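So the structure is just underneath, and the comments pick up after that.
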Amino acid sequence: MRTRYQPLYTWRGTKIDERDQPTDLDWLGYDGEIIIGRIRMESGGPKNGQWQWSGLGPHVRQWLTPQQGFEAEPREAMRKVEEYYHRLMRHNGLRGSKDNR
């Protein structure tokens, strides 16, 4: 049996504003104060039930693509975000705080 991915960074339920209540279906990843990405479950259409991931990061000179996609499991979507963040930072001569390479 495959071991579940253990996220490197902090993940918190997404809140649009102070009145919003986070759910288990929408998460933001953080490296300190930097938002590194978002995962959320699709609730309709051809990707219904899959987790969309979108990679983000600090203001950088060059972005990499693809910076989003879909995974069947939320932890795999977190892995995609964290891997994208590390590639993005390295590409711009920077490092994420948990990037040990």
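The values are calculated or read from the model by the stated rules, or taken from the named source; none is laboratory data. Everything numeric here is computed off the predicted structure, so don't read it as measured data. Counting neighbours? That spans all protein chains shown, and the Cβs are built from the backbone with ideal geometry, glycine included. Surface accessibility is based on the protein's heavy atoms, side chains included, excluding ligands, DNA and RNA. Shrake-Rupley method; radii C 1.70, N 1.55, O 1.52, S 1.80 Å.
Given the structure, is Lys98 assigned to a loop (DSSP other than H, G, I, E, B) and of a type in the set (D, E, K, R)? I'd like the intermediate steps shown before the answer.
Working: assigned to a loop (DSSP other than H, G, I, E, B): yes; of a type in the set (D, E, K, R): yes.
When the stated conditions are applied, Lys98 passes them.
If Tyr85 satisfies every condition in (1) in contact with a strand residue (DSSP E or B) (Cβ under 7 Å, 6 or more places away or on another chain); (2) among the hydroxyl-bearing types (Ser, Thr, Tyr); (3) open to solvent by 20 Å² or more (accessible area, probe 1.4 Å) but one, which is the exception?
Here Tyr85 clears every test but (3).
Between Gly55, Gly32, Gly13, which is within 13 Å of the chain's Cα centre (by Cα) and within 21 Å of Gly93 (Cα to Cα)? So that I can check it myself, show each step before the final result.
Details: Gly32 fails: within 13 Å of the chain's Cα centre (by Cα); Gly13 fails: within 21 Å of Gly93 (Cα to Cα).
That would be Gly55, the only listed residue that is within 13 Å of the chain's Cα centre (by Cα) and within 21 Å of Gly93 (Cα to Cα).
If you check every pair at least six apart or on different chains, which have Cβ atoms under 8 Å apart with a residue in the range 82-101 that is more than 13 Å from Pro7 (Cβ to Cβ) first and a residue that is aromatic (Phe, Trp, Tyr) and open to solvent by 90 Å² or more (accessible area, probe 1.4 Å) second?
Leu88/Trp63
Consider the range 31-55. How many of its residues are within 20 Å of Tyr5 (Cβ to Cβ), out of contact with any helix residue (DSSP H, G or I) (no Cβ under 6 Å at 6 or more places or on another chain) and part of a strand (DSSP E or B)?
Residues flagged as within 20 Å of Tyr5 (Cβ to Cβ), out of contact with any helix residue (DSSP H, G or I) (no Cβ under 6 Å at 6 or more places or on another chain) and part of a strand (DSSP E or B) within the range 31-55 amount to 7.
Yes or no: Ser43 open to solvent by 30 Å² or more (accessible area, probe 1.4 Å), under 13 Å from the mean Cα position of the chain (by Cα) and polar (S, T, N, Q)?
Numbers: open to solvent by 30 Å² or more (accessible area, probe 1.4 Å): yes; under 13 Å from the mean Cα position of the chain (by Cα): no; polar (S, T, N, Q): yes.
It is false that Ser43 is open to solvent by 30 Å² or more (accessible area, probe 1.4 Å), under 13 Å from the mean Cα position of the chain (by Cα) and polar (S, T, N, Q).
Test of understanding: among Pro66, Pro7, Pro58, Pro22, which residue is surrounded by fewer than 17 Cβ atoms within 10 Å (Cβ to Cβ), of a type outside the set (Val, Ile, Thr), touching a residue at least 60 places away in the same chain (Cβ under 8 Å) and assigned to a loop (DSSP other than H, G, I, E, B)? Steps first, answer last, please.
Details: Pro66 fails: touching a residue at least 60 places away in the same chain (Cβ under 8 Å); Pro58 fails: touching a residue at least 60 places away in the same chain (Cβ under 8 Å); Pro22 fails: touching a residue at least 60 places away in the same chain (Cβ under 8 Å).
Every option except Pro7 fails the conditions.
Restrict the check to the range 14-26 and report whether at least one residue is under 23 Å from Lys98 (Cα atoms) and at pLDDT below 95. Before the answer, list the steps.
Of the range 14-26, the ones under 23 Å from Lys98 (Cα atoms) are 14, 26.
Checking the rest, the ones that are also at pLDDT below 95 come to 14.
Within the range 14-26, one or more residues are under 23 Å from Lys98 (Cα atoms) and at pLDDT below 95.
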